[in-house]
Amino acid sequence: MRTACAVIFWLSLLGILYTYVGYALIITLLARWRARPVKQGDITPTVTMLVAAYNEEACIGRKIENTLALDYPPDKLELLVVTDGSTDRTPDIVRTYAERNANVRLLHQPERQGKPRALLRGFPQAQGEVIVFSDANCYFQPDTLRKLVRHFADPEVGGASGAKRISGQGDAVAKEGEGLYWRYESYLKACDSAVSSVMGVPGEIWAVRRNAYIPPDPDSFIDDFVASLRLVERGWRVVFEPQALAYEEASPSLRAEWQRRSRIAAGGWQAFFRLPGMLRHPNKLITFQYLSHRMARWMVTPTLFILLFFSNLGLSGQPFYRGVLALQVAFYLLAGLGWLLAARGRRVGWLLAPFYICLLNAAALAGGWRFLLGRQSVIWHKVR
């Protein structure tokens, strides 16, 4: 019994360390030693920005203004807004802009069917050579489009992802936590991109060649992740452009952040079964990146935290393991303290790291469980 606990303990500990530290070290070295340069050019292909919007009257006007003000030739840029079942003034606001500017187009449907179906309806109507996907509450820097499309001068590039930044209003703890997460994630994306391709893109800012894009399945939970990796499955390269910046407000509450993270985790499980080509990709480095960067984080590591704790309990009679158990207990107590402070609207400070790590892994467990039970809906409810 003690031997089994020791095996589980060490495998769990090494697995957690590999997910958060080991892979980052490996991909950093690979990016430094065997980077693949991307050909860039000052090109301006025709672009359609495709936005699926549901009840976004508070921000859709600003999104349209932001798009029309981008540093890109107006005759080569259109904005197509798909208002999926909106019951507020979102379609009316878009229609007002469309009547004044031919570069703004509205595609409205009164029935809400979810973002993937909205994209399926919108994509055939898009006229650009490059399709840029974004959200209604996400705003681009003036030069973002130029920074994104310059990568399509490389014939091997099928998609390009920008960098997401957290700003504006929203829950302060969620803002700090998301910001911390995206700084870490952006670094990994840069390394992944330098070696081969990014392992997924943010739905708020990514671009694709129109002739390479495969629309998501209507019931996809994370359509952007699946669509971008289907490009990689087919041999295209999807790269990361850190200077193409998009700004989005933080989740309005910890509850909203929990819902978002658990939905993404459920989507990760779903994607695993819908991307078989990533497991048998001819470039084994890509399979290694996919499993290490993404699937381990969603499907394996959250369970390893539980196995580590309980196997450590079974070994607590020995001084070394007793010390490690004390560290684990302290870690979870600090995370709990961070949660209590956050729930009372107080600053979390340095407790943010243990708190957010626990939040991410607990949400991943909940999302995976919902997927296995078939309880995750493609239509998710925003917490305003």
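Each reported figure results from applying straightforward, stated rules to the coordinates on display, with no laboratory input. Since we're looking at a predicted model, the values are computed, not measured. Glycine gets a Cβ as well: all are built from the backbone with ideal geometry, and neighbour counts include every protein chain shown.
Okay, here's what the table says:
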quantity: Per-pair calculated FRET efficiency, R0 = 45 Å: Asp219 and Asp75 via Cβ, rounded to 0.05; calculated: 0.75
quantity: Ranked Ile27, Ile286, Ile214, criterion: other C-beta atoms within 10 Å, fewest first; calculated: Ile214, Ile286, Ile27
quantity: Sorted by Cβ neighbour density within 10 Å, fewest at the top, the residues Leu50, Leu245, Leu119; calculated: Leu245, Leu50, Leu119
quantity: Over the range 271-384: Rg over Rh, Cα atoms, Kirkwood Rh; calculated: 1.06
quantity: Calculated Rg and Dmax of the chain using C-alpha coordinates, Å; calculated: 21.8, 75
quantity: Along principal axes, Cα extents of the range 100-237, largest first, whole Å; calculated: 39, 37, 33
quantity: Among the listed pairs Lys115/Lys147; Lys164/Lys189; Lys39/Lys189; Lys115/Lys284; Lys63/Lys115; Lys76/Lys115, those beyond 21 Å (Cα-Cα); calculated: Lys115/Lys147; Lys115/Lys284; Lys76/Lys115
quantity: Angle between the chain longest axis and helix 319-343 axis [Cα atoms, degrees, rounded to 10]; calculated: 40
quantity: Sequence-distant residues sharing a close amide H with Asn55 (under 5 Å, placed H); calculated: Ser86, Thr87, Asp88
quantity: Theoretical ellipticity at 222 nm over the chain - DSSP helices of four or more residues, -39500 (n - 2.57) apiece, nearest 500; calculated: -15500 deg cm²/dmol
